[in-house]
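Trainee: To start, I am sharing the structure in question, which I have written as structure tokens.
No value in this document is a laboratory result; all are computed from the given coordinates. Being a predicted model, the structure only gives us computed values, none of them experimental. FYI the Cβ positions are ideal-geometry reconstructions off the backbone, even for glycines, and counts take in every protein chain you see.
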């Protein structure tokens, strides 16, 4: 198998790593030993032999001076001077700085003590000179008796120490050799590692280059086959299988990815129903060319086959890897005879943003081009629209379920595009998030809505503003900007409510602290999102005092079991002392039910008013006040 | 009796004078020779110094320990710098030679700041050949901790007899 080669390379890395480690350890060890030996050699000099040599030399000089005195070559004073120098060596050796070293020489202390005793014994004779000249031959004899022992001792000690030093020098050379060898090993390991890295880099570069060339040539070949089929008027379909999700595996490097791609290609050629062509078209995409069929679910069957084949795990380094592909399909156009576009169409079918139906096959249809073009254009123009404030604010009144009196306005933003019409709030929010402009859009919209609201509040001081925001977007800067906007418009208090959309069960600690921060600053929170999450948050008493029921939930209340559900829910709310806001009330029947079970609730929806622009909202509010009056 | 007293006092006087002459001879014997070349191509010079010559110079005294004695001793003698200065020696490269011909080369500029002395007295007693004399180049080791290094120990030459000034 091809991936065995990769394993081998893996071992190479381990091998080099071990070699590096051992070389480094060896280098440190040998350097330490070398330093120790070097220090030992320099500390261990021939000092004890040297001290003996000095004594030997003074002994020889004294005997020579004595002989000269006999021959009247020197006078008594000169003889005594030499005697004193000779005498002064003994205290140094026997009880001075050289004693410790002398004691290392076997027999030296005894010999030198005897010698010193003899030297002290002859002192009165020398002092009595020239009267005691007759004793000079005896003195000479006594002194010469020590010549042989001291010479033997000096020679023996000198050779012993020389031999010892030679041994140490030899050892030092060996250690130096080891030191050099470990250095060489370390250098070699580093060199090999660098070579391997360079080879890998070059191979990766070659593989990337090869990948794009292969993709291009395969694409051309495939288009040629498609053109041939079109000329023969044979209907065909082309599946594009995108496996780019394999890049999520962080442990994989480029050569391994190419091996995996090869493995996937092998698997795709072994489908239960063999395709006409299987080609790698680059960028982690494969194309499968098959005969087309009009049968319903035909695409799904093929997608199922492909998925099943790709579910075969790729085994590497003791682990199994699998890839979840994105599959798109396009059918041939019987009218078209040349330049088949199906490959590009199939690619296009998987290009839009992922939908909830991730597992199904994306079938190309003509609207897709329009959709992709629209998305690209909108993304391009978004920043300009944001700068020029091309977004329109709309409001929906929120009324009390019992009196139907407006109590709040729910804000929403949409983009009125010259070419593509209205871009609704959900799509706009998703687009802003993908472009990283969500915070700017939100703050800009909030400021505009606060200004609108301030005007209307002059007519009705009870009217609140409800503004939606996704909980996960909360951060320090956004919180600060919200607080600043509210303060500048003096909107803190019950006149402003933040509708907080919860989509995650676990909120990060920071987001929770931001919510608390907003609450403690006087911002009222309405919890939106799946009901169980909202209840959980409210029961934990750190998110809000309002729960928003979604339009889908309100629509389901009129179905079987809805009343029982409402009854249980109302009990739960009263236990938690929490208010409720019901969105999307579309009929009188729903309103009646809500009045019966949730009498204090706030309601909104098309039964009262749709989302209205600024002018229409003013008219609405005007009518409402006239009715009240 | 009169003659006896006369000859007795004369003998004592002669003996005292002889002793003084010996003492004089002891102080007047050469204990240090300083030699070297004068400025290039102008011949050699040789200065022979007796203890009396050294005593004419300002004397320094300090107490210090060293590797050759068990406990701190008090040493006395003139500064080596003063001796060199007196004889107009400017070169700082000195070869110090002991009685047993042991010799060491020393760069005086590197040790001048330690103020070494040519000690002739050890614990108040004049040093003899038998106890490291007649001169011992002594450093105040207790005053400067860096003097405990082996290289400075090797400069502390005893039984110093000659200083060769190298150019």
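Trainee: Of the beta bridges DSSP finds with both residues in the protein assembly as shown, what % are antiparallel, to the nearest 5? Don't jump to the answer; show the numbers that get you there.
Mentor: Details: 69 of 97 bridges.
Taking every DSSP beta bridge with both residues in the protein assembly as shown, the antiparallel ones total about 70 percent.
Trainee: Then there is this: Which distance in nm do the two modelled labels at residue A:144 and residue A:103 give, with both placed 7 Å along the Cα-to-Cβ direction?
Mentor: Spacing of the two 7 Å Cα→Cβ label points: 3.6 nm.
Trainee: Per residue of A:179-188, how many C-beta atoms from partner chains lie within 10 Å of its own C-beta, taken as a mean?
Mentor: Working: counts 0, 0, 0, 0, 0, 0, 0, 0, 0, 0.
Mean shielding count: 0.
Trainee: Modelled label-to-label distance, residue A:400 and residue A:551, 7 Å Cα→beta-carbon offset: nm?
Mentor: The answer from the label model is 2.6 nm.
Trainee: Identify the residues of the stretch A:387-428 with backbone N under 20 Å of a label point that sits 7 angstrom from the Cα of residue A:595 along the Cα-to-Cβ direction, or state none.
Mentor: Counting backbone N atoms under 20 Å from the label point, the list is A:397-408.
Trainee: Relative to the longest principal axis of chain A, what angle (0 to 90°, nearest 10) does the C-alpha long axis of helix A:47-70 take?
Mentor: 20 degrees
Trainee: Something else about it: Note the angle between two axes, namely the Cα long axis of helix A:147-231 and the longest principal axis of the Cα atoms of chain A, as a number of degrees from 0 to 90, rounded to the nearest 10.
Mentor: Taking the Cα atoms of chain A, the angle to A:147-231 is about 20 degrees.
Trainee: Can you grab the distance from the C-alpha centre of the stretch A:187-237 to the C-alpha centre of the stretch A:72-143, Å, no decimals?
Mentor: 99 Å
Trainee: Once Rh for the stretch A:200-247 is found with the Kirkwood sum over Cα pairs, what is the Stokes-Einstein diffusion coefficient at 25 °C and 0.890 mPa s, in µm²/s?
Mentor: Stokes-Einstein gives a translational diffusion coefficient of 187 µm²/s.
Trainee: Can you figure out the FRET efficiency of residue A:307 with residue A:266, using R₀ = 22 Å and their beta-carbon distance, to the nearest 0.05?
Mentor: Working: r = 16 Å, r/R0 = 0.74.
Computed FRET efficiency for residue A:307 and residue A:266: 0.85.
Trainee: Counting only other chains, and only Cβ atoms inside 10 Å, what mean value do you get across the residues of A:80-92?
Mentor: Numbers: counts 1, 3, 2, 2, 7, 7, 3, 3, 10, 1, 1, 4, 3.
Mean partner-chain Cβ count within 10 Å for A:80-92: 4.
Trainee: Further question: Can you check how the C-alpha radius of gyration of the stretch A:250-312 compares to 2.2 N^0.38 Å, as a plain ratio? Don't skip to the answer; put the middle values down first.
Mentor: Numbers: Rg = 13.2 Å, N = 63, 2.2 N^0.38 = 10.6 Å.
Cα Rg divided by the expected 2.2 N^0.38 Å: 1.24.
Trainee: Next up: Just how far, in whole angstrom, is the stretch A:590-617 from the stretch A:429-493 if you go by their alpha carbon centroids?
Mentor: A separation of 22 Å, based on Cα centres.
Trainee: Roughly speaking, what is the stretch gain from residue A:224 to residue A:606, that is 0.36 nm per residue apart minus the C-alpha to C-alpha distance, in nm to one decimal? Kindly include the intermediate steps, with their values, before the conclusion.
Mentor: Working: separation 382, 0.36 × 382 = 137.52 nm, distance 5.60 nm.
Computed gain between residue A:224 and residue A:606 is 131.9 nm.
Trainee: Give the peptides B:71-83, A:379-391, A:215-227 in descending order of average Cβ contacts within 10 Å, highest first. Present the calculation step by step, with values, prior to reporting the outcome.
Mentor: On the way: B:71-83: 18.3, A:379-391: 13.5, A:215-227: 16.1.
Top to bottom by mean Cβ count within 10 Å: B:71-83, A:215-227, A:379-391.
Trainee: Rounded to the nearest 0.05, what FRET efficiency do residue A:53 and residue B:37 have when you use their Cβ-Cβ distance and R0 = 30 Å? Mind dumping the intermediate values first?
Mentor: On the way: r = 31 Å, r/R0 = 1.05.
Calculated transfer efficiency: 0.45.
Trainee: Okay, moving on. Within 10 Å of each Cβ in peptide B:128-137, how many partner chain Cβ atoms are there on average? Round it to a whole number, please.
Mentor: Mean partner-chain Cβ count within 10 Å for B:128-137: 3.
Trainee: Follow-up question, since we're still on this one. Below 8 Å between Cα atoms, with a sequence gap of 6+, how large is the relative contact order for chain A in percent? Intermediate values should be presented prior to the final figure.
Mentor: Values: 767 pairs, mean separation 56.5, N = 629.
Normalised by residue count, the contact order of chain A is 9 percent.
Trainee: If the chain between residue A:317 and residue A:517 were fully stretched, how many nm would it gain, using 0.36 nm times the residue separation less the Cα-Cα distance? Present the calculation step by step, with values, prior to reporting the outcome.
Mentor: Values: separation 200, 0.36 × 200 = 72.00 nm, distance 4.94 nm.
Contour length minus Cα-Cα distance gives 67.1 nm.
Trainee: For chain A, what mean projected area does the convex hull of the alpha carbons give, in nm²? If you can, show how the numbers build up before the last one.
Mentor: Values: hull surface 226.0 nm².
Spelled out: convex hull of the Cα atoms, projected over all directions, averaged, 56.5 nm².
Trainee: Starting from 0.36 nm per residue, how many nanometres of slack lie between residue A:160 and residue A:184 once their C-alpha separation is accounted for?
Mentor: Details: separation 24, 0.36 × 24 = 8.64 nm, distance 3.61 nm.
Between residue A:160 and residue A:184, full extension yields 5.0 nm more.
Trainee: Tell me the Rg and the Dmax, in Å, that the Cα atoms of the stretch A:412-483 produce.
Mentor: 13.9, 40
Trainee: Follow-up question, since we're still on this one. Between 0 and 90 degrees, rounded to the nearest ten: what's the tilt of helix A:476-488 against the longest Cα principal axis of chain A?
Mentor: Compared with the principal axis, the helix lies near 50 degrees.
Trainee: What FRET efficiency comes out for residue A:574 versus residue A:418 if R0 is 56 angstrom and r is the Cβ-Cβ distance? Round to the nearest 0.05. Provide the component values of the computation, followed by the final result.
Mentor: Working: r = 51 Å, r/R0 = 0.90.
So the FRET efficiency works out to roughly 0.65.
Trainee: Further, regarding this structure: If we sort A:413-420, B:134-141, A:61-68 on the protection proxy, mean other Cβ atoms within 10 Å, highest first, what's the order?
Mentor: On the way: A:413-420: 15.4, B:134-141: 22.6, A:61-68: 17.2.
Order by mean packing, descending: B:134-141, A:61-68, A:413-420.
Trainee: Past the 20 angstrom mark, what percentage of all C-alpha to C-alpha distances in the stretch A:61-128 do you count? Can you show the working numbers first?
Mentor: On the way: 826 of 2278 pairs.
So the pairs more than 20 Å apart make up 36 percent of the total in the stretch A:61-128.
Trainee: Could you tell me the convex hull volume per residue, in Å³, taken over the Cα atoms of the stretch B:40-125? If you can, show how the numbers build up before the last one.
Mentor: On the way: hull volume 11.7 nm³, N = 86.
Enclosed volume per residue, from the Cα hull, is 136 Å³.
Trainee: Ignoring everything except DSSP H segments at least 4 long, calculate the 222 nm mean residue ellipticity for the protein assembly as shown; use -39,500 (n - 2.57) per segment, divide by total residues, nearest 500. All intermediate terms of the calculation are to be shown ahead of the outcome.
Mentor: On the way: 26 runs with 420 residues, N = 796.
Only helices count here, giving -17500 deg cm²/dmol.
Trainee: I've got another one for you. From the C-alpha gyration tensor of the stretch A:333-480, pull out the three semi-axes of the equivalent ellipsoid (sqrt of 5λ each), sorted largest to smallest, in whole Å.
Mentor: Values: eigenvalues 320, 59, 47 Å².
The answer is 40, 17, 15 Å, longest axis first.
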